[in-house]
Amino acid sequence: MEGWNANSSGIYAITLQANQISDIDRNVIPNNVLGTFLVDFILPTAKLDTQNPVISTNSSYRFSVTYSDNALVAGGTIGDQDLQVSGPNNFSQLAQLVSFNPARDSSSMTAIYRIDAPNGIWDAKTSGTYTVTLRSNQVSDSSGNYVPRGDLGNFQVNLIPPTAKLIGTNPVTLGSPNYPFTVVYSDDTAVKRSTLDSQDIRVTGPNNFSQFATLIS
């Protein structure tokens, strides 16, 4: 045998063989399992979930990490020192543990963490890519194997609002029943098509004129 390693992980049984041990009266101990022991060198894993968007009206952001193991994740090792979050403008913060479930050691445990927004508010200045890094020797399984240090993934903060630009206006034709004009909306990612409708633009003018522009296309 080359030595214990991850491939040799599992439960081992110690079995007394039949007709091997006897007393002086030739009474033998029957075949039976004396006990078991666990060999566990399989490292637990961590998976990041950052599906929730960052909202400008919130002062913090929550995300979750699911820890999994072939045996049991040790819930007592999950805490406020697990994760480092780094981002634009030299942002660096330890994520605070909010809760984890289930409450007892389990083969899979989901922990919810929170970070506070830079200077207490999410805004356009905080937009960018944030990286979640699991720190060394933080979360382990019941055998003392730790989840390896490393980047778990990223989440995006995109609070740069889209822009609206009126494209060159044409002269109004005498007697025409309407006046078409074009507005171009732009964004660094994508303008949400479903937000365009006939309530977007109001046109005001002389003699108390006020009317919503009808969306044509």
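The values are calculated or read from the model by the stated rules, or taken from the named source; none is laboratory data. The structure displayed is predicted, hence computed values, not measured ones. Quick reminder, even Gly has a Cβ in these numbers, built from the backbone with ideal geometry, and neighbours come from all protein chains shown. For the accessible areas, the whole protein counts, side chains as well, though only heavy atoms, and no ligand, DNA or RNA atoms are used. Shrake-Rupley method; radii C 1.70, N 1.55, O 1.52, S 1.80 Å.
Observations
- Taking all protein chains together, T189, T50 sort by accessible area into T189, T50, largest first [probe 1.4 Å].
- Shape box of segment 94-217 [Cα atoms, principal axes, largest first, Å]: 85, 26, 25
- For segment 56-186, with +1 on Lys and Arg beta carbons and -1 on Asp and Glu, the positive-most of N170, V98, N119 along the dipole: N170
- Relative packing of peptides 168-175, 117-124, 152-159 - highest average C-beta neighbours within 10 Å first: 152-159, 117-124, 168-175
- Directionally averaged shadow of segment 45-149, computed from the convex hull of its alpha-carbon atoms, nm²: 6.4
- When a 1.4 Å probe is rolled over the protein heavy atoms, the share of accessible surface on segment 10-127 that falls to carbon and sulfur comes to 50 percent.
- Bridgeable lysines around K192 (alpha carbons under 17 Å apart, same-chain partners fewer than 8 residues away excluded): K165.
- Short-range pairs are left out: with C-alpha atoms under 8 Å and at least six residues apart, the relative contact order of segment 1-85 is 23 percent.
- Whole-angstrom gap from segment 107-134 to segment 168-217, using each part's C-alpha centre: 39
- Sites excluded, trypsin sites (Lys or Arg not before Pro) in DSSP loops with at most 16 other C-beta within 10 Å, longest stretch of the chain: 27-103
- Cβ-defined net charge surrounding G153, 13 Å radius [Lys, Arg +1; Asp, Glu -1]: -1
- Geometric descriptor of the chain, per residue, is 225 Å³ (volume of the convex hull of the Cα atoms).
- Segment 34-74 shape via C-alpha gyration tensor axes, a/c threshold 1.5: prolate
- Pairs of Cα atoms nearer than 8 Å and 6+ residues apart set the relative contact order; for segment 134-177 it is 26 percent.
- Partner aspartates and glutamates for K125 [C-alpha distance under 20 Å; skip if fewer than 8 residues away on the same chain]: D116, D187, D188
- Per residue Cα convex hull volume in Å³ - calculated over segment 1-59: 188
- Residues whose placed amide H lies under 5 Å from that of S60, excluding near-sequence neighbours: A117
- Length-normalised contact order of segment 104-217 in % [C-alpha pairs under 8 Å, at least 6 apart]: 16
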